[in-house]
Amino acid sequence: SGPIVVKGKHLLYSIVYDITERLIAEDKIKSLLSEKEIIVKEVHHRVKNNLNTICSFLNLQSAKSPNPETREALSEACGRVRSMGILYERLSFSEYDGKMRVNEYFPALIRNITEAFGLGEEIVIQSVFDDSEIKTKTMFSLGIIVTELVSNSIKYAFSDKKYGKITVRIYSDKEVFYLLVSDNGCGIDETKNVSGLGMRLVEMLVQQMGAKIKRSNESGTNYEISFVPES
């Protein structure tokens, strides 16, 4: 709008735009996005419940089995399922955009491992996680890897020690991410730690991620996994 001067007289003109259709379209888009968000969260919730059910079945089967090796295998499988359930629980309470912050997932995972093994003061897990974001697919793989490495330390590292400490750290340095898992136990047992199903699973996931893994036996067992996450 603006003034127009015609023979000494001031006239006012204005142009009116009908934006009704645009507003309706915007409201429709907002409604669809909100509906999609609700559906995604519901899917995560149902998957998490299904995983909990699977874990319950594994625990029941483990309790019924007279074979110690079978009970241990079923217990380990339940631990892997739990790590997936925790990830889906975090997804259902977050603004999902394909990524998740490291410190939103792994503290809960470490608490779950501590509770599952009933750890007391004898074995302490110390963890440090930064707020870096990683794609959910990579986070899932890291969760399984952490579960396996920490479980190995709990089961095998402290057989000749009364007290022990396990350290878990995930951080980024520029474009490279690092996962460090170490303990101050008796060191690598080649017949248990390295050749078992859990370690084969770790090596497979490391390969899938395009990561590098280093293992040392200095003052305990130490693992360093480095990778460049997908952008």
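Compute the signed sum of charges (Lys and Arg +1, Asp and Glu -1) over the other residues within less than 12 Å, Cβ to Cβ, of Ser127. Display every interim value, and only then the final one.
On the way: positive: Arg111, Lys165, Arg169; negative: Asp130.
Result for the neighbourhood of Ser127: +2.
In a fully extended conformation the segment linking Asp173 and Met199 would gain 6.8 nm over its present Cα-Cα distance, using 0.36 nm per residue.
For region 103-193, the alpha carbon convex hull comes to 103 Å³ per residue, rounded to a whole number.
Work out how much length Arg215 to Ser56 would gain on full extension: take 0.36 nm times their residue separation and subtract the Cα-Cα distance, in nm to one decimal. It would help to have the intermediate numbers written out before the result.
Numbers: separation 159, 0.36 × 159 = 57.24 nm, distance 3.39 nm.
Full extension of this stretch gives 53.8 nm more.
Expressed as a whole percent, the accessible surface of region 120-214 that belongs to carbon and sulfur atoms is 49, based on a 1.4 Å probe.
Counting only Cβ charges, +1 for Lys and Arg and -1 for Asp and Glu, the dipole size of region 106-211 around its Cα centre is about 140 debye. Farthest toward the positive end of the dipole of region 50-138, out of Ser62, Phe129, Gly118, is the Cα of Ser62, where the dipole comes from beta carbon charges about the Cα centre. Can you work out the FRET efficiency for the pair Tyr163 and Arg46, with r the C-beta to C-beta distance and R0 = 30 Å, to the nearest 0.05? Calculated transfer efficiency: 0.10. Judged by the mean number of other Cβ atoms found within 10 Å, the most tightly packed of the peptides 107-118, 161-172 leads the ranking 161-172, 107-118. For Ser75, the accessible surface of its heavy atoms amounts to roughly 70 Å² (probe 1.4 Å, protein chains only, rounded to the nearest 10).
In the context of the full set of protein chains, region 98-160 has a per residue accessible area of 43 Å² (1.4 Å probe).
The values are calculated or read from the model by the stated rules, or taken from the named source; none is laboratory data. Since we're looking at a predicted model, the values are computed, not measured. Using ideal geometry, Cβ is built from the backbone for each residue, glycine included, and neighbour counts are taken over all protein chains shown. The accessibility values were calculated without ligands, DNA or RNA, using every heavy atom of the protein model including side chains. Shrake-Rupley method; radii C 1.70, N 1.55, O 1.52, S 1.80 Å.
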